[in-house]
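Novice: Dropping the structure in here first, questions after.
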């Protein structure tokens, strides 16, 4: 079995997805900004019997992201599944009238340039395998702009457009691209947005390639 890499591997969704893919036989590369966090998570998941390693990367610092993915490919082999799901930072969640150009630059670095850098690094390995899956996880503003969270609304729109084009371009090569929109907060015990429930959904997006965009639950109706 090949490797699944999770960018933004935290104790909630990232851990649940890692656990799901580990049970299915994947080796795991966990990427986050703090080495101690990914090392702790890797130690917990290593009990699954699969090889799990943690790598430090800041998605707004391309050199660190590319280097982490390169090390993962050397250590664990080709990356067949890439999930991009880091949690947006608070400065991306300002109201539109309070959002500056610098705020937008930061959000775009995080949610658009980060995925582009990651995809360009792993795509050659997927092509060599003849298969692969790119999973993008976004909040509700990825599908409906929200003036209360202007940074993510703008950046997620760009990321969604980029991922849509990848979906259309790479399908004939056996590489599937999918986006999961999670409108509400990820919450343990929630019937829809529990991390384990979402992890199962992401697994099915990998194993059953189909449409590009899937919603964890419908967006609330606009008043």
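Novice: Can you tell me which residue among 111, 141 is within 23 Å of residue 217 (Cα to Cα), surrounded by 21 or more Cβ atoms within 10 Å (Cβ to Cβ) and more than 15 Å from the chain's Cα centre (by Cα)?
Specialist: After applying the criteria, what remains is 141.
Novice: Here's another thing I want to ask about it. Among the residues of region 188-201, which ones are in a helix (DSSP H, G or I) and in contact (Cβ under 8 Å) with a residue 60 or more places away in the chain? It would help to see each step written out before you state the result.
Specialist: Start the filter on region 188-201 by keeping residues that are in a helix (DSSP H, G or I), which leaves 195-201.
195, 196, 198, 199, 200, listed by residue number.
Novice: Which members of region 69-103 meet the condition of being surrounded by fewer than 17 Cβ atoms within 10 Å (Cβ to Cβ), under 21 Å from the mean Cα position of the chain (by Cα), in a helix (DSSP H, G or I) and touching a residue at least 12 places away in the same chain (Cβ under 8 Å)?
Specialist: 70, 71, 75, 91
Novice: Find all pairs meeting these conditions: Cβ atoms under 8 angstrom apart; at least six residues apart or on different chains; first residue within region 165-185 and on the phi > 0 side of the Ramachandran plot and touching a residue at least 12 places away in the same chain (Cβ under 8 Å); second residue surrounded by 14 or more Cβ atoms within 10 Å (Cβ to Cβ) and not in a strand (DSSP E or B).
Specialist: Matching pairs, first to second residue: 174/131.
Novice: Out of the residues in region 202-223 that are buried (at least 18 other Cβ atoms within 10 Å of the Cβ) and free of Cβ contacts under 8 Å to residues at least 60 places away in the same chain, state the one that is farthest from residue 134 (Cα to Cα).
Specialist: The selected residue is 216.
Novice: Inside region 19-57, can you point out the residues that are assigned to a helix (DSSP H, G or I), closer than 17 Å to residue 73 by Cβ and free of Cβ contacts under 8 Å to residues at least 60 places away in the same chain?
Specialist: To start, the set of residues in region 19-57 that are assigned to a helix (DSSP H, G or I) comprises 19-23, 35-48.
In the following step, the residues that additionally are closer than 17 Å to residue 73 by Cβ were identified as 21, 38, 42.
Selection gives 38, 42.
Novice: Which one of these is under 21 Å from residue 13 (Cα atoms), under 18 Å from the mean Cα position of the chain (by Cα) and at pLDDT 95 or above: 160, 184? Give the steps one after another, and end with the answer.
Specialist: Working: 184 fails: at pLDDT 95 or above.
Going through 160, 184 in turn, the sole match is 160.
Novice: Given the options 152, 64, name the one that is part of a helix (DSSP H, G or I), in contact with a strand residue (DSSP E or B) (Cβ under 9 Å, 6 or more places away or on another chain) and over 20 Å from residue 186 (Cα atoms).
Specialist: On the way: 152 fails: over 20 Å from residue 186 (Cα atoms).
Just one listed residue meets the conditions, 64.
Novice: Would you be able to say whether some residue in region 18-36 is buried (at least 16 other Cβ atoms within 10 Å of the Cβ), at positive phi and at pLDDT below 95?
Specialist: No; the residues of region 18-36 include none that is buried (at least 16 other Cβ atoms within 10 Å of the Cβ), at positive phi and at pLDDT below 95.
The values are calculated or read from the model by the stated rules, or taken from the named source; none is laboratory data. The structure presented is a predicted model; accordingly, all values stated were derived computationally and were not measured. Note that each Cβ is placed from the backbone with ideal geometry, even for glycine, and that neighbours are counted across all protein chains shown.
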